[in-house]
Every structure is written in structure tokens, then in C-alpha cells.
Amino acid sequence: MIELTKGQELALTTDDGRPRTRLHVGLGWDKIPTAGMMGTGAPDVDLDASAVQFAGEQLFDLAFYNNLRTRDGSVVHLGDNTTGSGEGDDEVITVDLERVHGPVDTIVLLVSSYQGHSLTWIDRAYVRLVDEHEEEFARFRITAGVPETGMVMAKLVRDGAGWALVALGDGIAVKLPTESVQALRPYVAR
């Protein structure tokens, strides 16, 4: 498994050069230990994972808690977790890169706070990629609080016949994925 750093790029291939085509993108987080009604009164945070598809700079489709599948069926959101409680991934998005519609060249992976809370209230947040053999091959951790309400975690970029992952980790001011399109355009400009 590779621990990614901001700006790092990773070809989505196996060690022997075969393309990784079916991915599980797992998002995990915990609220800070003192958050919530019984703690300092800091808010519980409901994070949402989203995948936003672009063809060039044009929005093609998105998958998130209120639209679980893209039109081409290549990206599927497996359901909303509103608390971040429990071990492991809190929200999962599956991506079948072989089914991605031809003109789509970028899939941006976004995390946003549904209630508009600053991401400074989250702890141990990460996004990880797991292949079809259940092997985790990449992870990107958020180690410092982000003052914005959303974060562009990473993007999947069509690279010739294959795909690459680029770790981003940039905070953006967005609550709902449907509001994010304009804020995400700088991440898809070539």
C-alpha cells in the first residue's frame, strides 16, 4: 500500500503492469473526541463522499448520497453515513473504469460537510483505494484540520488507455456536491 502525499500521482496499474479497473473508494472519519452534545458542544459532523465526472471542463454526472449512480453506471455510491462512527470506511463509492463513458476524462473525489461545518471538527479522515481483489493499494490521510466545509481529496484522470490517481487534499467552500461544480473546474482544466 502506498501512503500518498498531496500532489502525488499514481498509475492505476498492478505491480505487473495490468490496469486496475474496478475500485472501491473508501472514506473514513471520526469526529474529534470532544465533539457532540456530551462534549464541548462542538457539532457532530456529517461528511459526504461524492464522485463528480467531467468531460473536459463540462460536468457529465455525479454520484453522491442523493444520486447513487451515474448515468453510465460506472460510479455507484453505496449509501450515506451521517456520523462517521464505527471502524473502517464510513462511505464507499465503487468505480468501474471500463464502464466510464468515453468523453469522461476526470472523476473528482470530493468530501463535503452536509451541515456546513468546518472540517476542523473531523479527526483521522482518509480516502483509500481498494481493487477488485480487496487489496488496499493507496491511502491519503487528512492530518490537519481544514477550515473549509469541503475537500477535494483526489482525482482519477484518464491517461491514454489507462487511468491515474492524483492526491489533492485542497479545502473548498462547498456543502452540497451539486454546488461544487464551479469550485471543481480548476481541478479538471488541462
Reported to the nearest 10 Å², residue 132 has, with a 1.4 Å probe, an accessible area equal to 80
Accessible surface of residue 112 in the full protein assembly, 1.4 angstrom probe, to the nearest 10 Å²? 0
So how exposed is residue 181, as accessible area in Å² (1.4 Å probe, rounded to 10)? 20
Could you run the Debye sum over the Cα atoms of the range 135-186, one equal point scatterer each and no solvent, and tell me log10 of I(q)/I(0) at q = 0.23 Å⁻¹, two decimals? -0.98
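The values are calculated or read from the model by the stated rules, or taken from the named source; none is laboratory data. It should be emphasised that the depicted structure is a prediction, and the values quoted were computed from it without experimental measurement. Quick note on the areas: whole protein, heavy atoms, side chains included, nothing else; ligands and nucleic acids left out. Shrake-Rupley method; radii C 1.70, N 1.55, O 1.52, S 1.80 Å.
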